[in-house]
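Colleague: First, the structure itself, so that you have it in front of you.
Read-outs throughout are calculated quantities, based only on the coordinates presented, and are distinct from any laboratory measurement. What you see is a predicted model, and the numbers here were worked out from it, not measured in a lab. Positions of Cβ are generated from backbone atoms using ideal geometry, with glycine treated the same way; all protein chains shown enter the neighbour counts.
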Amino acid sequence: MSTEASSGNAAAFQRAQRVIPGGVNSPVRAFAAVGGTPRFIRRAEGPFLWDVEGRRYIDYIGSWGPMILGHGHPAVLEAVKRAARDGLSFGAPTEAEAELAEAIVALGPSVQQVRLVSSGTEAAMSALRLARGATGRAKIIKFEGCYHGHADALLVKAGSGLATFGHPTSAGVPPEVVQHTLVLEYNNLAQLDAAFATQGAEIACVILEPIAGNMNFVRASVPFVTRLRELCTRHGALLVFDEVMTGFRVALGGAQSVYARLLPGFRPDMSVFGKVIGGGMPLAAFGGSREVMAQLAPLGPVYQAGTLSGNPVATACGLATLREIVKPGFFEALSKRTRQLVDGLAAAAAEAGVPLAVDCEGGMFGFFFAPALPQNYAGVMASDKARFNRFFHAMLDRGVYLAPALYEAGFVSATHGDAEIAATLEAAREAARAALRG
Ligand code: HOZ
């Protein structure tokens, strides 16, 4: 008798595994960290996903961040349909690309020009090349647990999917390729001081996720950001904020605007964006001052290109999304909703007598089965993984779709209303009672 499932998620997974490595096109989707069968999704609407078995889930992944308006927002769908009718790809410039670039530039003083690309990986990789080209230096600093896509030079002690598989650094990245990558502990001022004291004149840039979303949700401390800014300025290195997750998600102006509220006048030298600016289509961007961006081809000597860069359908989708999130009150409502969620999760855990530390900013959140919020990757790794995994499955069984690994942030959309938050918290109370005690 065949042991193969004939339908549903298990069958879909078996089928996919025959022709796709691990059955998935991005590792974290395989549920390797939490065990069990990944849900194969058939459709989505508002805050909900439906799997191939017809089960409905409240979605707190939101395609890992882009779906800030919820799934299938009518204005976004209309813009995509209209753009698709006009042509799927031209390989030539369009007015809409300038309009999207204007919308990105309008939202922060640090970005005077942007280049559009197709993925966060491509944006971070290009920003790195540009930083090296603009400074004429080779070394870069990144932080343990920060993920900046999978370009070789950045794939060292990264979080996200790599953490899931216990290989913080990928195979296939020769030591010579990462010899210029210095990896320091997140939020560690002493290590930062030491690196600049010994190698400051060789450092092209420091890249970080200002609120790290690839080791769950860990904020850079204000003293850390202050010191980063001082050291980069003093030594002529560029400070690169990777805002692929946080851009247009934690606030309209991204994490840099959150830090600028606390540190008046603060700005990074370059920024990397993705996710929300594509509204669910493959689109990302990197930007900075006019002077730095002028180093890019065709103006300058740093080469960077892409057949699908500024793709008209992706651009229309991103523009339609940004038009919605700039509306008055959007972020206030989203932040309130997200705060309601994390406070409710903390209360549910407290009722079950389990320590849970929570945090959120705008529409992005994290929670740790730990007595206090971690400050770095080691702290994240010390949180209770077994408890997270039990809670994850208990929530999934109750129709709540959280990220299938404790190393990932969560996302709330504008369509998560009172009813969805209440249902999630009811599930959390039950899950905490059933799966967390002991
Ligand atoms: N790198 C993403 C999580 N931080 C996963 C993307 C995906 O699987 O879609």
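Colleague: Average the reciprocal distances over every distinct pair of alpha-carbons in the range 230-291, invert the result, and give the Kirkwood radius in Å.
Modeller: For the range 230-291, inverting the mean 1/r across all distinct Cα pairs yields 12.3 Å.
Colleague: In whole angstrom, how far apart do the alpha carbon centroids of the range 236-302 and the range 189-209 sit?
Modeller: With the range 236-302 and the range 189-209 each reduced to a Cα centre, they are spaced 20 Å.
Colleague: Going highest first, how would you order 187-199, 225-237, 127-139 by mean Cβ packing within 10 Å?
Modeller: Numbers: 187-199: 15.6, 225-237: 17.8, 127-139: 20.9.
Most protected by this proxy first, the peptides run 127-139, 225-237, 187-199.
Colleague: Looking at 191, 205, 225, which one has the Cα that reaches farthest to the positive end of the dipole of the range 184-253 (charges on Cβ: Lys, Arg +1; Asp, Glu -1)?
Modeller: Of 191, 205, 225, it is 225.
Colleague: Local charge sum around residue 120 (other residues, Cβ-Cβ under 13 Å, Lys/Arg +1, Asp/Glu -1)?
Modeller: Cβ neighbours under 13 Å give a net charge of -2.
Colleague: While we're here: Provide the per-residue ³J(HN,Hα) series for the range 56-69, in order, calculated from phi with Karplus coefficients 6.51, -1.76, 1.60 and θ = phi - 60°, each as a whole number of Hz, with x at glycine and proline positions.
Modeller: 9, 10, 7, 9, 10, 9, x, 6, 6, x, x, 7, 5, 8
Colleague: Taking just the alpha carbons, could you work out the radius of gyration and Dmax for the chain, both in angstroms?
Modeller: Taking only Cα atoms of the chain, I get Rg and Dmax of 21.3, 70 Å.
Colleague: Using label points projected 7 Å from each Cα along Cα→Cβ, tell me how many nm separate residue 326 and residue 90, to one decimal.
Modeller: Here the modelled spin labels are 2.1 nm apart.
Colleague: Considering only Cα-Cα distances, which of the following residue pairs are longer than 25 Å: 275/385; 139/275; 81/275; 275/336?
Modeller: 275/385; 139/275
Colleague: Rounded to the nearest 0.05, what FRET efficiency do residue 78 and residue 112 give with R0 = 41 Å and r taken as the Cβ-Cβ distance? Could you check?
Modeller: Efficiency computed from Cβ-Cβ geometry: 0.85.
Colleague: Give, rounded to the nearest 20 debye, the magnitude of the charge dipole that the range 1-91 has about its Cα centre when Lys and Arg contribute +1 at Cβ and Asp and Glu contribute -1 at Cβ.
Modeller: Roughly 120 debye, rounded to the nearest 20.
Colleague: Starting from the 7 Å offset along Cα-to-Cβ, what nm value, one decimal, do you get for the label separation of residue 198 and residue 350?
Modeller: For residue 198 paired with residue 350, the spin-label model returns 4.5 nm.
Colleague: Where the centre of each part is set by its Cα atoms, how far does the range 1-48 sit from the range 342-360, in angstrom?
Modeller: Here the two parts' Cα centres lie 30 Å apart.
Colleague: Placing +1 on the Cβ of each Lys and Arg and -1 on the Cβ of each Asp and Glu in the range 299-385, which of 312, 376, 348 has its Cα farthest towards the positive end of the resulting dipole?
Modeller: So the residue furthest toward the plus end is 312.
Colleague: Further, regarding this structure: Sum up the charges of everything whose Cβ sits under 14 Å from the Cβ of residue 379, counting Lys and Arg as +1 and Asp and Glu as -1, but leave residue 379 out.
Modeller: Surrounding charge for residue 379 is -2.
Colleague: What residue among 41, 27, 16 has its Cα farthest toward the positive end of the dipole of the range 5-51, where the charges are +1 on Lys, Arg and -1 on Asp, Glu, each on the Cβ?
Modeller: Projecting each Cα onto the dipole axis, the largest value belongs to 16.
Colleague: Something else about it: Once the other residues with Cβ under 15 Å from the Cβ of residue 102 are scored (Lys, Arg +1; Asp, Glu -1), what is the net sum?
Modeller: The answer is 0.
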